[in-house]
2 protein chains.
Amino acid sequence: MAEYRPAAPDQEAFLEELVAARLLVRTGVPGVYGRGGAFEDVRLRFDDLVARLAAPDGPEVLRFPPLLPRRQLESSGYLKSFPHLAGSIFAFEGDEAQALAQEERAARHEDWSEYQSQSDLVLTPAACYPVYPAVGARGPLPAGGVTVDAGGAYVFRHEPSGDPARLQMFHQRELVRIGEPETVEAWRDAWRDRALDLLRGLGLDADFDVATDPFFGRSGRMLAASQRQQALKFEIQVQIAGPEPTAVASFNYHQDHFAAAHGITLADGGVAHTACLGFGEERIVLALLRTHGLDPAGWPEDVRSRLWTSA
Amino acid sequence: MAEYRPAAPDQEAFLEELVAARLLVRTGVPGVYGRGGAFEDVRLRFDDLVARLAAPDGPEVLRFPPLLPRRQLESSGYLKSFPHLAGSIFAFEGDEAQALAQEERAARHEDWSEYQSQSDLVLTPAACYPVYPAVGARGPLPAGGVTVDAGGAYVFRHEPSGDPARLQMFHQRELVRIGEPETVEAWRDAWRDRALDLLRGLGLDADFDVATDPFFGRSGRMLAASQRQQALKFEIQVQIAGPEPTAVASFNYHQDHFAAAHGITLADGGVAHTACLGFGEERIVLALLRTHGLDPAGWPEDVRSRLWTSA
């Protein structure tokens with residue numbers, strides 16, 4: 001099992017409250033919870049709020065299941081930067097005798113991993129990943145590039161934790177911009193400001209900062225330093241539970257990394273740049289519950305009207 | 001790799017049309033597609049239609065990510081009946097040298113499975129699975145039992161196929177009834193009729209029949225015969241593409257199987273029974289596209305008004 005991060009005392013108390021209020025449901029595995037109706041309602045209203053905010057960009061809607069071709073992950077560099085967070089899918093390929101042996105071991109909760117073979121699928125680590133090959137396969141970008149609304153898509157991170165804000169699978173509310181370098185960088189900066197306004201408008205004490213990804217190992221420290229120096233990643237943070245604020249949105253400028261890997265070219269043949277932003281939907285719901293109380297019906301009227309009023 | 005089922009010629013042609021119309025997007029893995037905005041809109045409208053139809057039952061809303069504790073799958077009997085369909089999640093647990101070796105192999109698209117260890121999670125095989133332990137953990141059922149609306153939840157089936165209606169991950173629009181045997185059986189039968197009306201009302205040539213699950217191996221044939229004889233499973237089928245109709249909804253009566261496994265008891269202490277129904281959302285969208293044409297804007301007015309008119 002991966003290293004389990006225990007919860008801070010107030011994270012554990014917050015989780016208890018959420019479970020008692022049937023906002024979250026325990027499954028027995030840390031970082032994997034069911035969501036009650038009131039939690040899900042807030043999540044979907046926030047999801048819709050982002051869709052309305054993005055509508056003027058005229059995005060193309062694309063949705064993907066949380067599965068990625070293994071080959072794409074292998075080519076992406078993800079296993080270099082984040083081997084500890086990736087999840088790969090294994091399945092049974094054996095005969096009837098092996099199926100019986102597997103079942104017997106499993107029923108006794110013993111190790112049945114030897115009967116499982118690696119499939120050609122992995123879990124999606126970031127909601128923008130399936131977007132790039134889909135766009136690249138179409139040939140050169142139209143003039144002005146494209147904006148993709150990838151929805152509130154499940155992503156997987158293998159980081160079991162007692163913190164209810166650190167889930168092993170969660171919804172990233174994802175937007176992707178692909179086009180000329182200046183266009184893409186300006187889009188990311190505009191959304192950073194727009195997102196900050198959005199979250200502050202919901203009564204959250206949100207701030208943004210230059211950020212780094214949780215790169216693996218010693219060489220990861222150099223990657224993080226370089227990422228920070230080039231200001232490639234920003235995060236918006238909110239205090240939920242625990243000793244430090246939690247990132248609830250991030251804004252990543254990939255330069256030509258994904259475009260080069262997936263052959264995405266500008267209308268004039270040059271290599272495109274890409275940027276994406278992702279809101280952590282469950283974290284934003286938790287931040288709202290922590291800030292305004294566990295009963296959304298009792299939240300401040302201006303917060304309620306922003307979430308529950310259709311465009 | 002699992003045995004790949006090639007597409008029938010008209011399934012292949014239908015997939016080509018769907019891709020050309022940007023309703024589906026290829027990922028490179030059979031049975032794993034992106035969905036365009038028009039496809040997703042129909043799926044969500046159908047999802048909402050089921051929610052409205054279920055509202056008079058007063059269901060409790062519960063949502064789960066498509067991950068199940070491995071321990072639950074081990075205890076469920078799923079690996080006995082469907083070892084070929086299950087997916088389990090593996091992750092990296094090694095040190096920096098192993099991470100480097102894994103990345104080098106992966107970057108060359110060589111076998112890196114030896115660096116992956118089985119985690120305590122599997123992919124959810126059926127949307128009702130996480131519901132039972134959640135309900136069981138609460139103690140005895142209230143009088144009358146409970147109905148759960150588990151939403152349009154992703155489930156995984158490891159059955160790569162060229163048929164666009166056979167996906168490796170898809171949304172099951174799931175309702176679950178837990179209570180006294182007669183109540184549960186009557187609920188399943190009422191929904192079978194209600195679902196048939198719903199689908200026929202959308203212009204689909206839908207029929208229902210007693211059905212069997214695709215049990216594995218020789219002993220599976222006996223399980224299937226017993227399931228059929230007891231009429232524990234019904235399916236609604238629609239002709240989409242290919243030589244035979246495709247199941248688009250199923251209705252399962254589990255008797256006390258899940259209730260006994262998860263300690264779900266009636267208010268008076270007796271063991272409860274359970275039943276569930278699941279609509280295959282992507283299949284229903286495909287059936288609608290096949291029946292009424294690839295442009296939902298041109299669908300018959302009565303079909304459009306049923307889907308796009310809010311309650």
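The values are calculated or read from the model by the stated rules, or taken from the named source; none is laboratory data. None of the values given here were measured: they were computed from a predicted structure. Counting neighbours? That spans all protein chains shown, and the Cβs are built from the backbone with ideal geometry, glycine included. Side chains are part of the model used for accessible areas, which takes the heavy atoms of the whole protein and leaves out ligands, DNA and RNA. Shrake-Rupley method; radii C 1.70, N 1.55, O 1.52, S 1.80 Å.
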Output ³J(HN,Hα) for region B:4-10: one whole-Hz value per residue in order, computed from phi by the Karplus curve 6.51 cos²θ - 1.76 cosθ + 1.60 with θ = phi - 60°, and x for Gly and Pro.
8, 8, x, 6, 5, x, 6
As a percent rounded to 5, the proportion of antiparallel DSSP bridges among beta bridges in chain A is 95
Return an integer: the convex hull volume of the alpha-carbon atoms of chain A, in Å³ per residue.
153
Of A:ASP95, A:ASP256, A:ASP207, the most mobile residue in a GNM of chain A (C-alpha springs, cutoff 10 Å) is A:ASP95
B:SER161's amide H: which non-local residues (gap 5+, or another chain) put their own amide H closer than 5 Å, with H modeled 1.01 Å from N in plane and none for Pro or chain starts?
B:ARG5, B:GLY31
Name the residue from A:CYS276, A:GLY87, A:TYR33 whose Cα lies farthest towards the positive end of the charge dipole of chain A, charges +1 on Cβ of Lys and Arg and -1 on Cβ of Asp and Glu.
A:CYS276
So if R0 is 30 Å, what FRET efficiency would B:SER117 and B:ARG138 give, r being the distance between their Cβ atoms, rounded to the nearest 0.05?
0.35
So, relative contact order of region B:1-147 in percent, Cα under 8 Å, 6 or more apart, is 22
DSSP loop (so not H, G, I, E, B), at most 10 other Cβ within 10 Å: list which GluC sites (Glu not before Pro) in region A:86-125 pass both filters.
A:GLU110
Along the Cα→Cβ direction, 7 angstrom out, place labels at B:ARG5 and B:ARG108. What is the inter-label distance in nm?
3.7
Integer Hz, Karplus 6.51/-1.76/1.60 couplings in order for region A:19-31, x for Gly and Pro
5, 4, 7, 6, 7, 10, 10, 5, 10, x, 10, x, x
Give the shape of the protein assembly as shown as rounded, prolate or oblate, defined through the alpha-carbon gyration tensor: a ≥ b ≥ c are the square roots of its eigenvalues, a/c under 1.5 means rounded, and otherwise the shape is prolate if a/b is larger than b/c and oblate if not.
rounded
Rounded to whole Hz, the Karplus (6.51, -1.76, 1.60) HN-Hα couplings of region B:39-50, x for glycine and proline
4, 5, 4, 5, 4, 5, 5, 5, 4, 5, 4, 5
One quarter of the C-alpha convex hull surface, i.e. the mean projected area of region B:75-188 in nm², amounts to 10.8
How crowded by other chains is B:103-111, given as the mean number of beta carbons from other chains within 10 Å of each beta carbon?
4
If one builds a Gaussian network model of chain B from Cα atoms under 10 Å apart, the most fluctuating residue listed among B:HIS109, B:HIS84, B:HIS262 is B:HIS109
Go through B:LYS80, A:LYS233 and list them by solvent-accessible area, largest first, probe radius 1.4 Å.
B:LYS80, A:LYS233
Using a cut-off of 28 Å between alpha-carbon atoms, which lysines can reach A:LYS80, once sequence neighbours fewer than 8 places away in the same chain are excluded?
A:LYS233
Could you check how much of the accessible area of chain B is carbon and sulfur, as a whole percent, using a 1.4 Å probe?
50
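In debye, nearest 20: dipole of the protein assembly as shown around its Cα centre with unit charges on the Cβ of K, R (+) and D, E (-)?
Its charge dipole is roughly 260 debye.
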Taking the axis that carries chain B onto chain A, what is the nearest Cβ in chain B, and at how many Å, to the whole number?
B:PHE90, 3
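At most 16 other Cβ atoms within 10 Å and a DSSP loop assignment: could you name the GluC sites (Glu not before Pro) in region A:1-89 that fit?
Answer in residue order: A:GLU3.
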